[in-house]
Amino acid sequence: MRTIYLNGHFVPETEGKVSVFDRGFLFADAVYEVVSVLYGKLVDFDGHVQRLARSLGEIGIIGAPDADDWLAICRELVARNNLKEGMIYWQVTRGSPEDRDFVFPPADTLPTVLAFTQSRTLADNPLAQRGIRVITMPDLRWGRADIKTTQLLYASLMKNEAIARGADDAWMERNGWITEGSAQNAHIITHAGVLITHPLNREILHGITRASVLPLVAQRIEERPFSVSEAEQAAEAFVSSASGFVMPVVQINGQKIGNGQPGSATVQLRRAYIDWARRTAI
Ligand code: PLP
């Protein structure tokens, strides 16, 4: 059984209890992070802790742990759960007032702070050998995709629809332009050898993995939106995320990308990112 962290305590997972009035439960009034763990160490910790602080600031939740606290919490969870490889999920909600109300609770209401580990094979994930198939779907999320909130219903619906339609995941599009994956940033490499990735604005999550991967890219990079048809005709495609690292995309809307196998530049980039992650994990 896992040991989790909840509101200052390390407890068995079955003993972590949150109020039914918690704002995270009733309003998805909460933000989260997912940090990967390799060899028992935290990958891209600073990036994730900084983005969490930004997400909290954007929606005005105060009183969450600071960077040093998060580091201590994560290291304790890794040790207590003997985690070698996988993820740590963090969530902070606006807390548990005594009743349901759209109006925020008093400023002295403590946030609910949760963290737990998930043991997974990340570096040798067999999906990376095969590559994933994606289907494009309209991006119907709210206009602040840059805030990492727990409002993940639409992403979950899309992912399940993609699976029901024989694919692995969804890419979202607005007016024919790809924004991002259900829980990953989306990238393509053109036949001219240019990597194209959506610019950082409110339409996408500012991926921590994206930020660490781009400096490792050998190709020229263009940060601009790309269209669904550009994606379908790309030489290579991939997604980036904390848990998937660099994951090749081998099919978009039933259209093979390249020869239908993970592209060579993508495979190289995945390797480079994993090397970098191992070197810099703390
Ligand atoms: N885009 C969305 C919508 C996500 O949910 C995620 C991760 O969960 C990402 C992109 C990738 O971000 P990161 O690399 O920080 O995991």
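Data overview
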{"read-out": "Condition broken by MET1, with the remaining ones in (1) in a loop (DSSP other than H, G, I, E, B); (2) closer than 27 Å to ASP146 by Cβ satisfied", "value": "(2)"}
{"read-out": "Single match in ILE257, ILE282 (criterion: crowded, with 22+ Cβ neighbours inside 10 Å, more than 16 Å from the ligand (Cβ to nearest atom) and either in the same structural domain as GLU85 (by TED's automatic domain parsing) or among the hydrophobic types (A, V, I, L, M, F, W, C) (or both))", "value": "ILE257"}
{"read-out": "Residue within region 194-217 that is more than 12 Å from the ligand (Cβ to nearest atom), of a type in the set (Gly, Ala, Ser) and not assigned by TED's automatic domain parsing to the domain that holds GLN50 present", "value": "no"}
{"read-out": "Subset of region 1-33 [crowded, with 17+ Cβ neighbours inside 10 Å and either at pLDDT below 95 or within 15 Å of the ligand (Cβ to nearest atom) (or both)]", "value": "ALA30, VAL31, TYR32, GLU33"}
{"read-out": "Verdict on SER55 being within 13 Å of the ligand (Cβ to nearest atom), over 13 Å from PRO111 (Cβ atoms) and assigned by TED's automatic domain parsing to the domain that holds PRO105", "value": "no"}
{"read-out": "Every residue from region 172-185 that is within 16 Å of the ligand (Cβ to nearest atom), polar (S, T, N, Q) and surrounded by fewer than 19 Cβ atoms within 10 Å (Cβ to Cβ)", "value": "none"}
{"read-out": "Lone qualifier among ASP169, ASP99, ASP139 - being in contact (Cβ under 8 Å) with a residue 24 or more places away in the chain, more than 26 Å from PRO65 (Cβ to Cβ) and not assigned by TED's automatic domain parsing to the domain that holds GLY244", "value": "ASP99"}
{"read-out": "Residue count, region 78-133 (criterion: β-branched (Val, Ile, Thr) and loosely packed, with under 15 Cβ neighbours inside 10 Å)", "value": "2"}
{"read-out": "Region 4-21 residues that are outside any loop (DSSP other than H, G, I, E, B), paired with ones that are among the basic types (Lys, Arg) (beta carbon under 7 Å, 6 or more apart)", "value": "PHE10/ARG80; GLU13/ARG2"}
{"read-out": "Checklist (1) free of Cβ contacts under 8 Å to residues at least 24 places away in the same chain; (2) at positive phi applied to ASN160, failing item", "value": "(2)"}
{"read-out": "Residue pairs meeting the criteria (Cβ under 7 Å; at least 6 apart or on separate chains; first more than 12 Å from HIS48 (Cα to Cα), in region 197-219; second among the β-branched types (Val, Ile, Thr) and near the ligand (Cβ under 8 Å from one of its atoms))", "value": "HIS198/ILE204"}
{"read-out": "Verdict on ILE188 being more than 14 Å from the ligand (Cβ to nearest atom), in contact with a helix residue (DSSP H, G or I) (Cβ under 6 Å, 6 or more places away or on another chain) and not assigned by TED's automatic domain parsing to the domain that holds GLU58", "value": "yes"}
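Okay, residues lined up against (1) of a type outside the set (Phe, Trp, Tyr); (2) in contact with an Asp or Glu (Cβ under 9 Å, 6 or more places away or on another chain); (3) exposed (fewer than 14 other Cβ atoms within 10 Å of the Cβ); (4) outside any loop (DSSP other than H, G, I, E, B):
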{"site": "ILE135", "(1), (2), (3), (4)": "yes, yes, no, yes"}
{"site": "ILE147", "(1), (2), (3), (4)": "yes, yes, no, no"}
{"site": "TYR154", "(1), (2), (3), (4)": "no, yes, no, yes"}
{"site": "ASN160", "(1), (2), (3), (4)": "yes, no, yes, yes"}
{"site": "GLY166", "(1), (2), (3), (4)": "yes, no, yes, no"}
{"site": "ALA170", "(1), (2), (3), (4)": "yes, yes, no, yes"}
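The values are calculated or read from the model by the stated rules, or taken from the named source; none is laboratory data. Small disclaimer: the values here were computed from a predicted structure and weren't measured. For neighbour counting, all protein chains shown are included, and Cβ atoms are generated from backbone atoms with ideal geometry for every residue, glycine included.
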